[in-house]
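Novice: Okay, here's the structure, questions in a sec.
Bear in mind these aren't lab numbers, they're just calculated from the coordinates by the rules spelled out. Being a predicted model, the structure only gives us computed values, none of them experimental. Every residue, glycine among them, receives a Cβ derived from its backbone with ideal geometry; neighbour counts consider all protein chains shown.
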Amino acid sequence: MDRGVREAFALARERYAELGVDVDSALDRLASISVSLHCWQGDDVVGFEGGTGAIGGGLAVTGSYPGRARTADELRADLDQALGLIPGSHRLNLHASYAETGGTRVERDALLPEHFSRWMDWARERKVGLDFNPTFFAHRLAEDGMTLAHPDPAVRRFWVDHGIACRRIGAAFGEATGTPCVTNVWIPDGSKDTPVDRKGPRERLTESLDAIFAGPIDPALNRDAVEGKLFGIGAEAYTVGSYEYYLAYAVSRGILLCLDAGHYHPTEVLSDKLSAVMGFLGEALLHVSRGVRWDSDHVVTLSDELDAIAQELVRGDYLGRVRLGLDFFDASINRVAAWVIGCRNLLKAMLRALLEPIDRLREMEASGDLTGRLALLEEAKLLPSGAVWDYHCQERGVPAGIAWLDAIRAYEREVLSTRSGAGT
């Protein structure tokens, strides 16, 4: 280990100890946190079905940085590169459209675990957990903006069968990796302009979801989750699966609620919602993203809101009940670097929260010393968490500071630049 990093860490540990913070305990807890990296950052949500590449469903990727993964092998290689630069043991979140079918067209309602066998082999070899998502977009039966809430029973049946197939695949993931897969349902259903009937689509959605989740699956293999959104492109006026809808559905059905940091009104924050919902949920899933104006899926930065999310998870003792994943897609920068930046930032925020002098802060708050609480909260912002982070990285065998970027630059020169035509 670099001597300077070690010496800086020793000084930082002393400084935190003065405030009653056990740095070694914080690092042990940080090492236990797994983040689910999303496969779709690596290829701009194109997948491997051999379609036109258009996403639709209220989603859009901008940019044409060279080096997009064009095959599953390329995507796995990119993930290996990213995971090798992130401290800790993490997971992979797959979409159904990333099935490998050997060049044969397989409809989404007919997908089987065997179509993801190479992903399971990859995960087993690396001891990586797998999560999953049905793909309710970029399909001829989703072109009118409705899937599980579609007025046509035949269309709804297709998407219900797709959801059922995905739960079975999720269970196979759980069995293959020895850790439960979270299979998360998000749909694009909605209306560009104001509908007359808001009730009907939501009644149909409930019927469809109940049909998908009807078959019992061992929770040791698969956990079900549902994810809402404020609006999407083409669904600006009405989103069937809103946050309020899915909160009620998740609580009433006893399944996971997925909260995405970019899926709310710009004046709302995810951090404030955690303590509001966790008293009624057994578990939850967080998609950590960064909303900018109308667009919800920017690379995660070490922002005030990211710090607030991490603080709520630690202060509320929710770490054992909340699963963490990333969800953004940016084709304007190096895609592998985007994974590394986003995941390292989430882990940095978690470390800063774990290093907070929470016992002293709680004592001040309980005694009514709000002046002291504010003063300590502000002073804590300049405590040497960066020295602890660098030590953690080197202890886990990954570069500290910005040194990881050298590996990304080399990978871009040697691998990404050879992918002819992969920028778009």
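Novice: Which distance in Å, rounded to a whole number, links the C-alpha centroids of the range 343-362 and the range 195-243?
Specialist: What the calculation gives is 34 Å, centre to centre.
Novice: May I ask you to sort His298, His263 by Cβ crowding, counting other Cβ atoms within 10 Å and putting the fewest first? Display every interim value, and only then the final one.
Specialist: Details: His298 17, His263 25.
In order of increasing Cβ crowding within 10 Å: His298, His263.
Novice: So, one more: Note down the magnitude of the dipole of the chain about its Cα centre, charges +1 on Lys and Arg C-beta and -1 on Asp and Glu C-beta and zero elsewhere, to the nearest 20 debye. Spell out each step's value before the answer.
Specialist: Details: 46 positive and 62 negative charges, 99 e Å.
The calculated dipole for the chain is roughly 480 debye.
Novice: Could I ask something else about it? Please report, in debye to the nearest 20, how large the charge dipole of the range 292-424 is about its Cα centre when each Lys and Arg carries +1 at its beta carbon and each Asp and Glu carries -1 there. List each step's numbers first, then the result.
Specialist: Numbers: 16 positive and 21 negative charges, 92 e Å.
Around 440 debye, computed over the range 292-424.
Novice: From zero outward in steps of 5 Å, how is the percent of C-alpha pairs of the range 4-154 spread across the bins?
Specialist: That works out to 2, 7, 14, 16, 15, 12, 9, 7, 6, 5, 4, 2, 1, 0, in percent per bin.
Novice: What is the angle, in °, between the Cα long axis of helix 199-212 and the longest principal axis of the Cα atoms in the chain? Nearest 10 is fine, range 0 to 90.
Specialist: The two axes meet at around 80 degrees.
Novice: May I pose another question? Hey, what did the range 34-354 get for relative contact order, percent, Cα under 8 Å, at least 6 apart? Each step should come with its number before you reach the end.
Specialist: Working: 645 pairs, mean separation 65.2, N = 321.
It rounds to 20 percent for the range 34-354.
Novice: Under a 5 Å amide H to amide H cut-off, with H placed in plane at 1.01 Å, what residues pair with Leu92 once short-range neighbours are removed?
Specialist: The list, which skips near neighbours in sequence, is Leu37, Gly129, Leu130, Asp131.
Novice: Positive end of the charge dipole of the range 34-354 (Lys, Arg +1 and Asp, Glu -1 on Cβ, about the Cα centre): tell me which of Met350, Val196, Gly163 has its Cα farthest that way.
Specialist: Looking along the dipole axis, the top candidate is Met350.
Novice: What residue among Val155, Val388, Val340 shows peak mean-square fluctuation when the chain is described by a Gaussian network model with Cα springs under 10 Å?
Specialist: Residue with maximal mean-square fluctuation among Val155, Val388, Val340: Val155.
Novice: Measure nothing fancy, just the Cα-based angle from helix 3-17's long axis to the longest principal axis of the chain, in degrees from 0 to 90, nearest 10.
Specialist: Approximately 80 degrees, to the nearest ten.
Novice: Ok, one more. At 222 nm, what helix-only mean residue ellipticity would the chain give, in deg cm²/dmol to the nearest 500, using -39500 (n - 2.57) for each DSSP H run of four or more? Please list the in-between numbers first.
Specialist: Details: 14 runs with 177 residues, N = 424.
One gets -13000 deg cm²/dmol as the mean residue ellipticity at 222 nm.
Novice: So, one more: Which of Val251, Val21 comes first, and how do the rest follow, when ranked by fewest Cβ neighbours within 10 Å? Show your work: numbers first, answer last.
Specialist: Working: Val251 14, Val21 21.
Ordered from fewest to most neighbouring Cβ atoms within 10 Å, Val251, Val21 come out as Val251, Val21.
Novice: Follow-up. Nearest 10 degrees, 0 to 90: what angle lies between the long axis of helix 72-83 and the longest principal axis of the chain (Cα atoms)?
Specialist: Computed tilt is about 20 degrees.
Novice: Name the long-range amide H neighbours of Val182: under 5 Å, sequence gap of 5 or more, or other chain; modelled H, no Pro or chain starts.
Specialist: Phe132, Arg223
Novice: Right, something else. Considering only the range 34-354, what is the antiparallel percent among its DSSP beta bridges, to the nearest 5? It would help to have the intermediate numbers written out before the result.
Specialist: Values: 6 of 34 bridges.
Restricted to the range 34-354, the bridges split so that about 20 percent are antiparallel.
Novice: By count of other Cβ within 10 Å, fewest leading, how are Tyr238, Tyr249 ordered?
Specialist: Working: Tyr238 18, Tyr249 21.
Ranking Tyr238, Tyr249 by Cβ neighbours within 10 Å, fewest first, gives Tyr238, Tyr249.
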